Every structure is written in C-alpha cells, then in structure tokens.
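In what follows, a structure is listed as structure tokens, so that the remarks can point back to it.
The values are calculated or read from the model by the stated rules, or taken from the named source; none is laboratory data. Computed from a predicted structure; not experimentally measured. All Cβ positions, glycine included, derive from the backbone under ideal geometry; neighbour counts span all protein chains shown. Surface accessibility is based on the protein's heavy atoms, side chains included, excluding ligands, DNA and RNA. Shrake-Rupley method; radii C 1.70, N 1.55, O 1.52, S 1.80 Å.
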Amino acid sequence: MSFRSLIQEMRDEFGSISRHTLRSRSHRSAGNASRAVAAEPSEAMDQSCWAQLPPELLREVLVRIEASESWWPARRDVLSCAGVCRTWRGIMKEAVRVPEVSGKLTFPISLKQVCGLRSSLLVVLDINCCWDGTLKCFIRRNRTTQTYDLYIGLTEALADDGKFLLAARKCRKPTCTDYLISLDKVDMSKGSSTYIGKLRSNFLGTKFTVYDAHPPYDGAVVSKSRSARVVGLNQVSPRIPAGNYPVTHISFELNVLGSRGPRRMNCVMDSIPASAVEEGGKAPTQTEFPLSSLDSFPSIPFFRSKSARIDTTSQSSTQKEDRLVLKNKSPRWHEQLQCWCLNFRGRVTVASVKNFQLVASKDNGSGNQENDKVILQFGKIGKDLFTMDYSYPISAFQAFAICLSSFDTKIACE
C-alpha cells in the first residue's frame, strides 16, 4: 500500500468515527448527552484498526503525514490527525515545529507565535522553494458589516482563495473605536471562546493599543481598564479566561491636512524586547491557548492574583527602554510621478495613504543592515483588498492588529 493510500484510508476512518459519533448522539437523551460526547469517540476509536498499531509505528506514520502535507489545503490532514484523540494530538504537537522554524501555520496557537528568521539567510522548505522568513497574507474588507478577514495566500498571486486565519469587527464608541479580533468569522463577541484580543483607538485616531486576551508571556500583567474589570465578572464563562494584556502601543504623529507629508507611524512592542532583532536574540512567544473545552490543549497559566492586576504604566523606565520599537520606513519623493514612493517589490499595486512598511527603529541599537529589513508590510491592491506580509519577531495576531490601525479614521493625521 502506498503512503498516499495510507493517508486516504486514515481519512475514511476519521469520517466513519465522526458519523458513528453523530448517529449515537442523536439517540441519546438530554441527561446523557455530556457523557456521550466524551465517551463515544473513544469507543469508536477502540473499534478502529488504527488502535492496534504499536506506538512506534503510529508515531512514524503521523510524523510522515506532517512532513508530506507541507502547505494548505493539504495541511488540514495534520489537524484531522491531531483531533482523533489525546494520544494522536500529543504526537502531532511534538511533530509540528513552531512557525519560527518551519514557516508553517498549523494550529490556532500558531497565530500568536512569532514567525520568520532572525537572520537574512534563506531557508529551503519542504515545498522546494526558498523562504526569506516572510509570510504573505491578505486582508478582505467588508464595508457593509465593518468586518476584516485575514487570509494566508496559497499561491504566489497577490490574492487567491486563501486559508482563513483571523477576523475582526469594528465597534464604534463615543470616545474610542474597538476592533474585536477572533478566530471565527461569525462569532466575534468578546464572550466567545474564539475571541483572542482587540485593538482600541483614542478619539482622534492617533493612538492605538493592542490587547491580547491571553498572557503573551510568563509574568505578563493585565491592564487596569474598565473593560478588564467587566470581563472578570460572570458575564464570561469561567472556562474562557479573557483579559486585557497590552502587547503593542501604536501612535501616529499629528499631521493636519497632510502638511508634514505621509503618515508617520511608531509601534512600541511591549511584549518583545529590543534584543530580539539582535544577533542571538529571542522573542517570547505563547505556547498554548487557555482551556476552552474537554479536548482542548492544556491551559497556559492565567494570572488572576491582585499583584498581577496592575497597570503597565507602573513598570520601570528601564523595562520600557528595552522594548522593541518599530517605525515606518520613510518614503522617497518621485519627481516624475509627483508622489511619495516605497519599494513594495510588486506586493502593492494601488497608491494609498494606508500603505506602509515597518522596520526596527535605530533607537533599538541594532545595525543598519537590520534596520533595513522590513518586518511588516501593508498595502492596497484593490477596492477592499490589501496585502499583509510579516516576519520575525512579530506574530500574525500582532501584524493583523497593527494593520487594522491603518483602516481607522484619523481626524488629525490626514
């Protein structure tokens, strides 16, 4: 039997397990429903021929599946294997490397993990192409519903069908604007298990703060804001700990009527040290989401103690100086076109005030070579279509939130 046939047989086995489970659940009474959900998959798995495989052989099969399905949509087979049972999930978690090393987004937690390379060296991936550490994505905007969907490209085209990653919904308030970010296109409420963070602006649209719903690293502190206290109440399920952990502060310089040229953008990455872009540096990253269901991955610590619920403004000035600072790359004036220009290397095709490239600030003390490396690039390619390319040391969640700040109306920056 070929390896491809082996994978197909496993797929069919997964499908029969799911169908058997659904049929059994439909005949259960309401009182036994919870027990059926937990017990039926295990019973079905025990009847499967795959349950008799020796552990060493099972590990070898799953590792080969992970290596063979290198990109979406074929990579969904890896998720299927991880969803069979806890044993299979544990093996898959060991086999799947973090995005920083592999350049692959597999599990939902990958969207919170840094991606890319610390150096400018190219890496040859399993898909037989050179990778410079940049993940190429695009954003679709829906003006009617005020929503934004993030996809990762499946081809070299600027935009294709894509693999859905994240969604955001704009919520206007009297004094600010919130962009709620979720893993689900439909349910983007803050009380949902798929809610992972938000972007909040001030009234003028000149300052933004990115909040992570989960601790970005050990020892992270919760912001003492009004919304953080509301989430601490029983309005949210106790199995879905949601907090306000500030991870990024974005500011736009005042530029009334465009008198000072293009927008000037400054991003202070609270969760990333300045040493991350230096030789041998490392950016902290999340490993797992909090527990949201019986079959979810193990929970990361959720800090609820009074000592942890303090505002980040109380942190020492030394810690603030150690944060990574990103600034937009200064465009050059094109005499013939009579406009400001940036080299987007073919990834941006429409001129827009929203277009930008972010590089490490010289204040971080890194060399000129590192300052020239574009960490995040965002630009327009259609009426409601934009490209978003990001690399180490930021994650997809952070990159998406920063790009959302460019969509917001800026009264004092236009």
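The alpha-carbon atoms of segment 145-213 define a convex hull whose volume equals 114 cubic angstrom per residue. How much of the accessible area of segment 325-364, in percent, comes from carbon and sulfur atoms when a 1.4 Å probe is used? The C+S portion of the solvent-accessible surface of segment 325-364 is 49 percent.
With each label modelled as a point 7 angstrom along the Cα→C-beta vector, the Ala74-Glu56 pair spans 2.9 nm. Potential lengthening of the chain between Leu337 and Asn202 amounts to 45.1 nm, from the contour at 0.36 nm per residue minus the alpha-carbon distance. At the residue level, Phe164 shows approximately 40 square angstrom of accessible surface with a 1.4 angstrom probe and all protein chains present.
Note on Leu79: accessible area approximately 60 square angstrom, rounded to 10, probe 1.4 Å, nucleic acids and ligands left out. Full extension of the chain between Thr155 and Asp184 gives 8.1 nm of extra length, using 0.36 nm per residue less the Cα-Cα distance. Sequence-ordered 3J(HN,Hα) estimates for segment 379-396 from the Karplus curve with 6.51, -1.76 and 1.60 and θ = phi - 60° stand at x, 8, 10, x, 4, 10, 10, 9, 8, 9, 10, 9, 8, 3, x, 10, 9, 5 Hz, glycine and proline given as x.
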